[in-house]
Amino acid sequence: MSGGIRKTQRLDKILAHLGRGSRSDIRRMAKQGIITVNGSITKDSGLHVDPYADLIEVDGERIQYRQFIYLMMHKPPGVISATEDKREPTVLDLLSIDDAAFEPFPVGRLDKDTEGLLLLTNDGKLAHELLSPRKHVPKIYEAIVAGDVVPQDIELFATGVTLDDGYVALPGELVVVRKETQDSNILSYISLTIHEGKFHQVKRMFEAVGKQVVYLKRVQMGELMLDPELEIGTYRELTDEELSLLGKNI
Ligand code: URA
């Protein structure tokens, strides 16, 4: 916890933030006499306490408070990177109740059919720093492109390709990893580093050179790399090392 003036908060708010139930659940628990603050039972779930300084216990278990959560998800295709959607499942549906209680949100968007690295946090300041267009945080994608990606495409991407709405994309680094021929159609396996995050950017960059992205995966954002061990559709908390890569000192 960094320095600064510590504030007290309602006990029910603190415990709800940590996924210990709804405010009414916590009121019930307090009435049952299972919540103690600095060793004394409190039946008042609205009591103001300092979550960092006061010793809070529920059923004898010490509560470790923290404000922020930082999650690395290996987003699967078929889910929306938003906090809610009327029709489709969202990445928040993949979280446990305890983690969802922190109310994290995805840092930037991946298309429904895109997979790969997605950071979720409730730290608005960090999200803003990573997404700020002025910061040009690099993002690395791996893609399969229908068509033959040629040196001329690499040059165009390096100088700035013009998208369908006339916007000239910032220079991107395109690398052709390998090519495959399927039923006499060429597929190009590429890696692309971009320094901005316009809507459907990678797909639109390839459309601008007459080619279609058929598979897209984000593998890196800033210095943060997708953990190759992280199964698709799963997530975990960032390690302290990963947090420091994002400029966050815990
Ligand atoms: N570019 C795209 O076209 N789609 C994504 O999901 C991410 C980058």
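The local environment of residue 40, defined by Cβ-Cβ distances under 13 Å, has a net charge of -2 under the rule Lys, Arg +1 and Asp, Glu -1. Neighbours of residue 179, meaning other residues whose beta-carbon lies under 13 angstrom from its beta-carbon, give a summed charge of -1 when Lys and Arg score +1 and Asp and Glu score -1.
Partners of residue 7 within straight-line reach, counting lysines whose Cα lies under 28 Å from its Cα and excluding those fewer than 8 residues away in the same chain: 31, 43, 125, 248.
Taking 7 Å steps out from each Cα toward its Cβ at residue 198 and residue 62 produces label points 5.3 nm apart.
For the range 73-176, the list of chymotrypsin sites (Phe, Trp or Tyr not before Pro) that fall in a loop by DSSP and count at most 16 other C-beta atoms within 10 angstrom reads 167. On the basis of the beta-carbon distance and an R0 of 45 Å, residue 178 and residue 13 show a calculated FRET efficiency of 0.25. Each Cα pair of the range 139-221 feeds into the Kirkwood radius, which the Stokes-Einstein equation turns, at 4 °C and 1.567 mPa s, into a diffusion coefficient of 103 µm²/s.
For the range 9-62, the fraction of 1.4 Å probe accessible surface lying on carbon and sulfur atoms is 45 percent. Only sites in a loop by DSSP and with at most 11 other Cβ atoms within 10 Å count here; which GluC sites (Glu not before Pro) in the range 156-250 make the cut? Within the range 156-250, the qualifying GluC sites (Glu not before Pro) (loop, at most 11 other Cβ atoms within 10 Å) are 229, 231.
Below 12 angstrom from the Cβ of residue 242, what's the summed charge of the other residues (Lys, Arg +1; Asp, Glu -1)?
It works out to a net charge of -3.
Here the chain is treated as an ellipsoid with the same Cα gyration tensor; its semi-axes, largest first and in whole Å, are 46, 18, 14. What does the C-alpha gyration tensor say about the overall shape of the range 9-62? Classify as rounded when a/c is under 1.5, otherwise prolate if a/b is larger than b/c, or oblate. Because its axes are fairly even, with a/c under 1.5, the range 9-62 counts as rounded. Heavy atoms of the protein chains alone define the surface here; on that basis the range 139-221 has 51 Å² accessible area per residue at 1.4 Å probe size.
The values are calculated or read from the model by the stated rules, or taken from the named source; none is laboratory data. Just so it is clear, the model here is predicted, and its values are computed rather than measured. Glycine also receives a Cβ, built like all others from the backbone with ideal geometry; neighbour counts cover every protein chain displayed. Accessible surface is based on the protein model in full, side chains and every heavy atom, while ligands, DNA and RNA are left aside. Shrake-Rupley method; radii C 1.70, N 1.55, O 1.52, S 1.80 Å.
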